[in-house]
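Colleague: One structure, pasted below without further comment.
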Amino acid sequence: MAFIKEDSINKVKQRIGLVDIISDYVHLKQRGNDFKGLCPFHDEKTPSFSVNENKSVYKCFGCGVSGTSVFNFVMQQEKLTYPESIEFLAKRAGIELEYDKTFNSELKNLTSEILEIHKIASDLFMDNIKKNDSAKNYLFQRGFDDNVLTKFQIGLSINSYDQLLKVIQNKKKFSSKSMLNSGLFINASRGYIDKFRNRIMFPIHNHNGEIVAFTGRTRDSNNKAKYINSPETRIFKKGNLFYGLWSTNQSILREKYVVIVEGQTDFLKLFQKGMTNIIATSGTAFTDNQAKLVYRKTNKAYILYDGDLAGMAAATKAGYMLMKYNVDTKIVEIPKSSDGKAMDPDEWSSRDSIERIRSKIINSLDVLDFHFKYYDSMNMNDENNIKDSKIGITKFINECLNQIKEINDPVYQELQINRLSELTNVTNDSILRLFRSIENKSSSSKDSQNLEPELKSKLNNKLDDDVIKLCFTKKKEIRLFISENLEKSWFQNNNNANIYESIFIHLSSEQYLDSDSAISLIKNKNEKKHLIDLIFEMDEKNLSLKMAKECISRMKKRFYSQKIELMRASLKVSSDNDDTVKIINKINTLQKQINGIK
Ligand SMILES: [Zn+2]
């Protein structure tokens with residue numbers, strides 16, 4: 001995490017305009033107040049992408065992508081995080097960024113010390129292997145070439161308890177806290193000792209290319225611990241990163257799909273053969289964070305795990321995890337070896353040409369199809385297989401639906417349900433019925449289901465929308481009138497009500513509210529998107545005090561009318577006479593209030 005000073009961020013903002021940066025990617029033409037061009041986020045022939053410099057917003061009316069700042073745009077276009085987008089733009093504008101050193105300085109020092117220790121360790125390990133022919137030959141025999149060994153900085157820890165320890169101690173500057181936290185030393189009874197001894201060292205880089213951990217592989221076939229790994233540290237969280245991504249990011253963006261393998265060896269072998277849009281998990285279950293990370297890079301993934309049953313089961317799980325985040329995912333079927341055994345990608349890559357492997361990858365199976373095809377082999381101990389038992393089919397459908405219900409995108413979800421019906425020969429209706437009952441079991445998804453149609457109908461509420469647009473006028477009298485006369489409860493639409501609440505205190509200020517800072521006040525994603533739409537549609541010359549008065553009086557009338565309706569409904573169910581009289585009186589007062597509204 002970079003702590004960039006606010007001043008620096010503002011400098012970048014002032015230097016680079018929205019039209020300026022977008023013109024790097026899109027040929028823009030001015031049309032009235034807006035600039036228009038072909039959308040960089042979807043394929044199209046007629047321009048539906050609009051940019052408005054004054055309001056600092058952009059929006060595609062074709063695919064719906066929108067945003068409010070130069071940083072937003074670069075984050076979406078270059079698939080960067082927020083701090084990365086600032087650095088990207090600063091570089092383009094030639095601005096030297098200043099970082100806040102006082103903020104969290106102790107933690108930051110610890111982090112940078114641990115990173116430095118890893119760098120020193122890696123240099124030492126690479127120096128070791130240069131001088132050790134038997135270690136080098138071992139790697140050559142296993143099919144690695146010099147280029148890939150150098151690029152991924154593969155080295156050797158020698159058979160010593162203190163080689164690295166002495167090098168680090170001689171630098172004299174590292175605290176014992178950072179040494180222990182680096183995970184490279186063990187605090188043994190006789191003091192610190194090196195954790196990795198007599199092993200081939202594969203460094204693991206974070207996405208910036210800094211070394212954050214190591215995997216050590218023994219060359220001794222009698223050693224039971226074939227691999228040992230760095231523990232998780234403050235700089236290394238297994239479930240948050242992919243091996244190799246630092247070097248393959250560009251290639252993934254270029255190819256628009258990613259191949260995912262399970263281990264470093266598979267990664268290195270395929271990379272060496274020319275498959276560069278590839279990443280590896282570090283032999284752990286696929287996490288939500290990893291799936292989100294993939295989605296930020298591309299929406300197409302091919303899972304290439306070991307061909308044995310364990311690999312197939314892990315691939316299926318990873319596949320569903322990626323589908324949850326709307327990544328279109330396929331699973332590769334690795335062919336059997338000539339003696340009929342399952343192969344891993346490493347073995348496969350030494351047998352077949354990269355062209356063959358690529359064509360096999362492109363023709364791999366959708367997750368659901370793969371799951372169906374291999375369900376019986378993956379559940380060998382279960383007598384209820386799907387080929388010839390109704391119980392087996394039902395179990396399979398249940399398993400799938402439990403995964404499908406996690407998918408965020410309703411369209412993608414429906415497609416999967418249709419496919420499930422095709423695969424199993426069970427009607428769509430029956431599967432849908434089962435799906436609803438599964439969905440209803442988890443109460444959280446039930447809530448969101450009930451809310452959604454309600455939200456949708458409310459989104460069409462033009463009256464509410466108009467009032468929010470009015471809040472962004474440059475005319476102070478209008479803003480003041482709204483802030484003094486409109487109540488939050490009068491909004492019909494929750495998005496608008498919450499937006500109004502967030503910007504309320506700014507209505508009475510001298511300075512009109514600029515769209516960029518307004519949008520930064522809104523945290524909720526739907527509200528944000530809605531506000532961007534409104535700002536885009538709004539046109540200052542259509543905004544008047546008369547319109548504000550009219551809107552507000554209509555909202556007030558609507559609010560009281562709805563109250564009356566509710567009371568009339570309660571009259572029908574109430575049998576108590578006193579109650580009835582009270583309610584009728586209240587209705588009359590409310591009706592008078594409505595009549596009094598101008
Ligand atoms: Zn678009």
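The values are calculated or read from the model by the stated rules, or taken from the named source; none is laboratory data. Just so it is clear, the structure is predicted and the values come from calculations on it, not from any experiment. A quick note on method: Cβ atoms are made from the backbone with ideal geometry, for glycine too, and the neighbour counts reach across all protein chains shown. Note: accessible area is taken over every heavy atom of the protein model, side chains too, but ligands, DNA and RNA are not part of it. Shrake-Rupley method; radii C 1.70, N 1.55, O 1.52, S 1.80 Å.
Colleague: Within segment 206-218, how many residues are out of contact with any Leu (no Cβ under 8 Å at 6 or more places or on another chain) and surrounded by 14 or more Cβ atoms within 10 Å (Cβ to Cβ)?
Modeller: The number of residues fulfilling the criteria is 5.
Colleague: Would you tally the residues in segment 30-77 being more than 16 Å from the ligand (Cβ to nearest atom) and either open to solvent by 70 Å² or more (accessible area, probe 1.4 Å) or in the same structural domain as residue 539 (by TED's automatic domain parsing) (or both)?
Modeller: 5
Colleague: Looking at residue 156, is it at pLDDT 95 or above and open to solvent by less than 30 Å² (accessible area, probe 1.4 Å)?
Modeller: Working: at pLDDT 95 or above: yes; open to solvent by less than 30 Å² (accessible area, probe 1.4 Å): yes.
Criteria met by residue 156.
Colleague: So which residues in segment 105-147 are hydroxyl-bearing (Ser, Thr, Tyr) and either open to solvent by less than 30 Å² (accessible area, probe 1.4 Å) or farther than 20 Å from residue 181 by Cβ (or both)? Let's see the steps before the verdict.
Modeller: Taking segment 105-147 first, the residues hydroxyl-bearing (Ser, Thr, Tyr) are 105, 111-112, 122, 134, 138.
Passing the criteria: 122, 134, 138.
Colleague: Then there is this: On the given criteria, is residue 307 within 33 Å of the chain's Cα centre (by Cα) and farther than 26 Å from residue 417 by Cα?
Modeller: Values: within 33 Å of the chain's Cα centre (by Cα): yes; farther than 26 Å from residue 417 by Cα: yes.
Criteria met by residue 307.
Colleague: Find the residue count for segment 169-183, including only residues that are within 31 Å of the chain's Cα centre (by Cα) and part of a loop (DSSP other than H, G, I, E, B).
Modeller: Here the count works out to 2.
Colleague: Out of 267, 242, 214, 271, report the one residue that is touching a helix residue (DSSP H, G or I) at 6+ places or on another chain (Cβ under 8 Å) and without any contact (Cβ under 8 Å) to a residue 60 or more places away in the chain. Break it down into steps so the answer makes sense when it comes.
Modeller: Details: 267 fails: touching a helix residue (DSSP H, G or I) at 6+ places or on another chain (Cβ under 8 Å); 214 fails: without any contact (Cβ under 8 Å) to a residue 60 or more places away in the chain; 271 fails: without any contact (Cβ under 8 Å) to a residue 60 or more places away in the chain.
Selected residue: 242, the only one of 267, 242, 214, 271 that is touching a helix residue (DSSP H, G or I) at 6+ places or on another chain (Cβ under 8 Å) and without any contact (Cβ under 8 Å) to a residue 60 or more places away in the chain.
Colleague: So, one more: Would you list the strands (runs of 3 or more DSSP E) that sit entirely within segment 188-230 and hold 2 or more residues that are more than 15 Å from residue 142 (Cβ to Cβ) and among the β-branched types (Val, Ile, Thr)? Explain how you work it out, then say what you get.
Modeller: On the way: elements: 191-194, 199-205, 211-217, 227-229.
Per the criteria, 211-217.
Colleague: Select from segment 231-253 the residues that are of a type in the set (D, E, K, R) and assigned to a loop (DSSP other than H, G, I, E, B) and list them in ascending order.
Modeller: The first filter runs over segment 231-253 and keeps only residues of a type in the set (D, E, K, R), leaving 232, 234, 237-238.
Passing the criteria: 232, 234, 237.
Colleague: Could you name every one of the helices (runs of 4 or more DSSP H) located completely within segment 497-598 that has at least 1 residues being basic (Lys, Arg)? Show your work before the answer.
Modeller: Numbers: elements: 515-521, 525-537, 545-573, 577-596.
Result: 525-537, 545-573, 577-596.
Colleague: Next question. Would you mind finding the one in 217, 190, 234 that is closer than 25 Å to residue 132 by Cα and not aliphatic (A, V, I, L, M)? Show your work before the answer.
Modeller: On the way: 190 fails: closer than 25 Å to residue 132 by Cα; 234 fails: closer than 25 Å to residue 132 by Cα.
The conditions single out 217.
Colleague: Which of (1) surrounded by 18 or more Cβ atoms within 10 Å (Cβ to Cβ); (2) more than 15 Å from the ligand (Cβ to nearest atom); (3) charged (D, E, K, R) is the odd one out, the single condition residue 92 does not satisfy?
Modeller: So residue 92 meets the others, but not (1).
Colleague: If residue 81 satisfies all but one of (1) of a type in the set (S, T, N, Q); (2) within 16 Å of the ligand (Cβ to nearest atom); (3) surrounded by fewer than 16 Cβ atoms within 10 Å (Cβ to Cβ), what's the number of the condition it fails?
Modeller: All conditions pass for residue 81, except number (2).
Colleague: For segment 219-249: of the residues being within 22 Å of residue 78 (Cβ to Cβ) and of a type in the set (Gly, Ala, Ser), which is most open to solvent (accessible area, probe 1.4 Å)?
Modeller: Across segment 219-249, the extreme among qualifying residues is 247.
Colleague: On to the next question. Of the conditions (1) within 16 Å of the ligand (Cβ to nearest atom); (2) of a type in the set (Phe, Trp, Tyr); (3) farther than 21 Å from residue 254 by Cα, residue 99 clears all except one; give me its number.
Modeller: (1)
Colleague: Follow-up question, since we're still on this one. Just name the residue that is surrounded by the fewest Cβ atoms within 10 Å (Cβ to Cβ) out of those in segment 317-332 that are in contact with a strand residue (DSSP E or B) (Cβ under 7 Å, 6 or more places away or on another chain) and not in a strand (DSSP E or B).
Modeller: Let us first name the residues in segment 317-332 that are in contact with a strand residue (DSSP E or B) (Cβ under 7 Å, 6 or more places away or on another chain), namely 318-319, 322-323, 327-332.
In the following step, the residues that additionally are not in a strand (DSSP E or B) were identified as 318-319, 322-323, 327, 332.
Details: 318: 25, 319: 27, 322: 26, 323: 25, 327: 21, 332: 24.
Step by step, filter segment 317-332, then rank; the result is 327.
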